[in-house]
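Asks: Let me begin by handing over the structure; questions about it come next.
The values are calculated or read from the model by the stated rules, or taken from the named source; none is laboratory data. In this text, all values refer to a predicted model and were calculated from it rather than measured experimentally. No Cβ is skipped: glycine too gets one built from the backbone with ideal geometry, and neighbour counts run over all protein chains shown.
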There are 2 protein chains.
Amino acid sequence: MENSSDDYRIQAFDLDTQMLLKTALKDPGSVNLEKVSNIIMDQSFKDQVFSKEAGRICYTIVQAEAKQNGSVFRRNLLNRLQLEFKEREETRGRSLQEWVCFVTFICNIFDYLKVNNMPMVALVHPVFDCLMRLAQPDALMNEEEVDCLVLQLHRIGEQLEKMNAPRMDELFFLLRDGFLLQEGLTSMARLLLLEILEFRAGGWLLSSTAHKYYYSEIAD
Amino acid sequence: MENSSDDYRIQAFDLDTQMLLKTALKDPGSVNLEKVSNIIMDQSFKDQVFSKEAGRICYTIVQAEAKQNGSVFRRNLLNRLQLEFKEREETRGRSLQEWVCFVTFICNIFDYLKVNNMPMVALVHPVFDCLMRLAQPDALMNEEEVDCLVLQLHRIGEQLEKMNAPRMDELFFLLRDGFLLQEGLTSMARLLLLEILEFRAGGWLLSSTAHKYYYSEIAD
């Protein structure tokens, strides 16, 4: 358990990079943090497993560099996120996988990078824009986009709603519309959407009986 | 406002019957209460508007006869409900309208006829059986049955769940299955079902934003 706080998913990197990341976590001032942040983002945008957890390593480096009065890593991270956000539609057109990774990453950053224990205001609209995009009719036809959408809502839906309830309402209007009016959703997509609708209706909690329906019946 | 407690929907009856009912409300011992209870039930089983409110007039007569130490009305009411309940499948086969009226009436009786301020235990299973019947695939294809089902759940769902939560879970498993797996539901049936799912998930309350979705958009 000794190294549990260092236990990030960095096994996917080559050994030199792993060493670089480990140093960045401990003594960020001694490495090229712009390079480090790009390495993390490059990996996030192609590796869905990594993108689901990258926020935590970013948060640790941001904290570590702040202690040394630095902000290179953080600035580079946010600048590049902004660039990638602007190009999101091109990314989606080029590769659904990359797009889904991008959304997962920006939501994970929203989840982990707090300022005074609050989510970063600058990320609220971009995150909503991404989720609204996933709730458009063409995206609801792709199971991987629906899967990504509901995963993010499970994780950060409640926080997002607190930051901007009207936009969350708007998002759920889209989801109900898609669910009720749209032809051709897969049955898995419909199951995921119904669950998230019940989840939010229950105050971002699933009742135990609903949980049983959505999760235990798979075992039947 | 003087007669507000006497303000029952008895205009559908002929004048003699109205007089009989008014007397039954004030001095039940002076009239034939078996006849009165049959009149109320006969009307309930053919008149959907009346069946939605008949529980209240029954409750008042039951209270009035109890003050006079009588129970003819109440006994006849419950006996006939039991008979009609046994024949429910035949009723449904003969006339959907009568079947829907019967369910509405028995649920209304469940809602109004309290013992020590609690619903009557004897009615819990019959009411659940009726609602489970409405949640079967063939019934979900009929908008009037879906409409009846969600109306009852709006009115007595919370009380029913308190009396028997596992049966309510079972009912909602059926509703989700129907909703997710069944082909050919009308879009109105789907809207009604989704609303009731959100309604229960919210603890038998609809959030204001969900309310806006299900009710205000009609005005758009």
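Asks: Looking at region B:126-137, I want the residues that are surrounded by fewer than 24 Cβ atoms within 10 Å (Cβ to Cβ) and have a partner that is among the aromatic types (F, W, Y) with Cβ atoms under 7 Å, at least 6 apart or on another chain. Which pairs are those?
Replies: Here the result reads B:P126/B:F85, each pair linking region B:126-137 to a residue that is among the aromatic types (F, W, Y).
Asks: Also, I was wondering about something else. So which of B:R56, B:R80 is at pLDDT 95 or above and either loosely packed, with under 15 Cβ neighbours inside 10 Å or more than 23 Å from B:N164 (Cα to Cα) (or both)?
Replies: When all the criteria are applied, what remains is B:R80.
Asks: Can you tell me which of (1) buried (at least 18 other Cβ atoms within 10 Å of the Cβ); (2) closer than 15 Å to A:S207 by Cα is the one B:L175 doesn't meet?
Replies: Among (1) buried (at least 18 other Cβ atoms within 10 Å of the Cβ); (2) closer than 15 Å to A:S207 by Cα, B:L175 violates only (2).
Asks: In addition: Scanning region B:187-220 for residues that are closer than 15 Å to A:L180 by Cβ and at the interface with chain A (Cβ under 7 Å from one of its Cβ atoms), which turns out modelled with the lowest pLDDT?
Replies: B:S187
Asks: What are the residues in region A:159-172 that are within 11 Å of chain B (Cβ to nearest Cβ) and surrounded by fewer than 16 Cβ atoms within 10 Å (Cβ to Cβ), if any?
Replies: Within region A:159-172, A:A165, A:P166, A:E170 meet the criteria.
Asks: Does B:G178 qualify as being part of a helix (DSSP H, G or I) and either more than 7 Å from chain A (Cβ to nearest Cβ) or among the β-branched types (V, I, T) (or both)?
Replies: yes
Asks: Please verify whether A:G184 is outside any helix (DSSP H, G or I), within 14 Å of chain B (Cβ to nearest Cβ) and either touching a residue at least 40 places away in the same chain (Cβ under 8 Å) or more than 30 Å from B:R167 (Cβ to Cβ) (or both), treating the condition exactly as stated.
Replies: It is true that A:G184 is outside any helix (DSSP H, G or I), within 14 Å of chain B (Cβ to nearest Cβ) and either touching a residue at least 40 places away in the same chain (Cβ under 8 Å) or more than 30 Å from B:R167 (Cβ to Cβ) (or both).
Asks: What residue, among those in region B:65-77 that are modelled with pLDDT of 95 or more and of a type in the set (A, V, I, L, M), is surrounded by the most Cβ atoms within 10 Å (Cβ to Cβ)?
Replies: Residue satisfying both the conditions and the ranking: B:L77.
Asks: Another question about this same structure. Just a yes or no: is a residue in region B:99-112 surrounded by fewer than 16 Cβ atoms within 10 Å (Cβ to Cβ), within 24 Å of B:Q11 (Cα to Cα) and in contact (Cβ under 8 Å) with a residue 12 or more places away in the chain?
Replies: Scanning region B:99-112 turns up no residue that is surrounded by fewer than 16 Cβ atoms within 10 Å (Cβ to Cβ), within 24 Å of B:Q11 (Cα to Cα) and in contact (Cβ under 8 Å) with a residue 12 or more places away in the chain.
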